[in-house]
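Visitor: To start, I am sharing the structure in question, which I have written as structure tokens.
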Amino acid sequence: MTVPFNTFRDFPAGLQQRVEEALLAEYRRNRFILGPSVTAFEQAFAQYLGAGEVIGVGNGYDALLLCLRALGVTAGDEVIVPANGYIATINAVEQVGAKPVFAEPDATTYNMTAATVAPVITSRTKVLLPIHLYGQSCELEGLLQLCAQRKLLLVEDFAQAHGATYKGNQIGTFGQINATSFYPTKNLGAVGDGGAVTTQDADLAAWVRQYHNYGQSRRYEYALAGINSRLDSLQAAVLSEKLLVLDTLNQERKRLAGEYTRQLAGIGDIVLPLVPSAEIDHVYHLYVVRTRQRDALQNHLQAQGIHTLIHYPVPPHLQPAYQHLGYQKGDFPITEGLAQTSLSLPLFPGMTDEEQGYVIDQIKRFFP
Ligand SMILES: *Cc1c(COP(=O)(O)O)cnc(C)c1O
């Protein structure tokens, strides 16, 4: 049997046909750039999140870039990012000329917290940029308190956690301005590139709405020297369809994660994902386990036809691209430990019980 890491199945049943019909209808509508489908999705997603405004943009990286530019982050500013995060977040900080400063994650949730951020705050720190990593919401109250005390801004990167809540409210609504991606494998995924900026601040929303479309204020009138980063109309049509089932998709991810957690508890030295309190939600974009025998386990599963991935094998501070920041091996022991021990198991809506049972069975066989 082979089990893919991630694939698109017709789940919930009928979704595939509805997506195909939405694509065809949008094509026939002949409104390819910023048409009514983009506006409709922006409004639907804003309503789903329960507050503020949504601006559709080209991808998640651009969404991050737009958030930082909108806040005026520039050379001389420092932005605190998780040391164990995804590279896009850090690239966006570099792109605006600011300095990315890494904070370790909490050793049990893998998310940055007020406690891990506080030691790296300096007089130049302007923004905290947490990622709700693997689909688990960060402990936002602590981060918001720190922002209030130290006069910092909060930008959430919620690319991995669409639909996750914190204390019952949707994440992506806590920061001054927030970024997400609709990369196809994300919990809310398009069939190509896409992203969005969310904010409750009408001025920031208006700025992003101009800046992402060449700075256009009225047709052929340019208030700002902006960029071109627009959500594609076809992608918006797909996203509106998928947004209707986002909660169903997340419930299925949670069900599969619960099954892994029940079946794998106490096996070998495996460490399972930990959700520390009822205030925190986890929508399992990824189901990440840790073991000292990570490479051997991955090879064993590969030989049995089971595809796994590592998120992420080399932390950003050890990447060639970030040597100029001056960090060294050993600077972030929790992050480096995660890179050496973590393994993401197959998990996707539509995964069959047979497939998951096979993965669990093969993991049990690996640990005597
Ligand atoms: C996927 C992802 C991004 C970037 O999204 P793109 O749409 O591929 O640019 C940014 N941050 C995080 C945490 C992500 O997972």
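The values are calculated or read from the model by the stated rules, or taken from the named source; none is laboratory data. All of these numbers come straight from a predicted model, not from anything done at the bench. In case anyone asks, the SASA skips ligands and DNA or RNA and just uses the protein heavy atoms, side chains included. Shrake-Rupley method; radii C 1.70, N 1.55, O 1.52, S 1.80 Å.
Visitor: Kindly write out, for the range 30-44 in residue order, the coupling ³J(HN,Hα) from the Karplus curve 6.51 cos²θ - 1.76 cosθ + 1.60 (θ = phi - 60°), rounded to whole Hz, with x marking Gly and Pro.
Guide: Values, residue by residue: 6, 10, 7, 10, 6, x, x, 5, 5, 4, 4, 5, 4, 5, 5 Hz.
Visitor: Shifting gears a bit: Could you state the accessible area per residue of the range 246-366 in Å², with a 1.4 Å probe and every protein chain left in place?
Guide: Ligands and nucleic acids excluded, the figure is 45 Å² per residue.
Visitor: Which entries in LYS186/LYS254; LYS167/LYS254; LYS99/LYS329; LYS126/LYS242; LYS254/LYS364 show an alpha-carbon gap greater than 25 Å?
Guide: Over 25 Å Cα-Cα: LYS126/LYS242.
Visitor: Taking only protein heavy atoms and a 1.4 Å probe, what accessible area per residue, in Å², does the range 15-243 have with all protein chains in place?
Guide: With all protein chains present, the range 15-243 gives 39 Å² per residue.
Visitor: Determine the percent antiparallel among the DSSP beta bridges restricted to the chain, to the nearest 5.
Guide: 65 percent
Visitor: Carbon and sulfur together cover what percent of the accessible area of the range 246-366 at a 1.4 Å probe radius?
Guide: Exposed carbon and sulfur together represent 50 percent of the surface.
Visitor: So how exposed is LEU153, as accessible area in Å² (1.4 Å probe, rounded to 10)?
Guide: Per-residue accessible area (LEU153): approximately 40 Å².
Visitor: For the range 262-277, in order, what is each residue's ³J(HN,Hα) by Karplus, 6.51 cos²θ - 1.76 cosθ + 1.60 with θ = phi - 60°, in whole Hz (x at glycine and Pro)?
Guide: Once rounded to whole Hz, the list reads 5, 7, 9, 4, x, 7, x, 9, 4, 9, 9, x, 10, 9, x, 7.
Visitor: Still on this structure, I have one more. How far is the Cα center of the range 156-185 from the Cα center of the range 49-118, in Å?
Guide: The range 156-185 and the range 49-118 have Cα centres spaced 12 Å from each other.
Visitor: Once the principal axes of the Cα atoms of the chain are found, what is the range along each, listed largest first in whole angstroms?
Guide: Principal-axis extents of the chain (Cα, largest first): 69, 53, 37 Å.
Visitor: Here's something else I'd like to know. GNM, the chain, Cα, under 10 Å: largest mean-square fluctuation among GLN16, GLN149, GLN251?
Guide: Judging by the Gaussian network model, the answer is GLN149.
Visitor: Roughly speaking, what is the centre-to-centre gap between the range 1-26 and the range 280-338 when only Cα atoms are used, to the nearest Å?
Guide: Rounded to whole Å, the Cα centres lie 29 Å apart.
Visitor: Pick out which of PRO276, PRO320, PRO333 has the largest mean-square fluctuation in a Gaussian network model of the chain, springs linking Cα atoms closer than 10 Å.
Guide: PRO320
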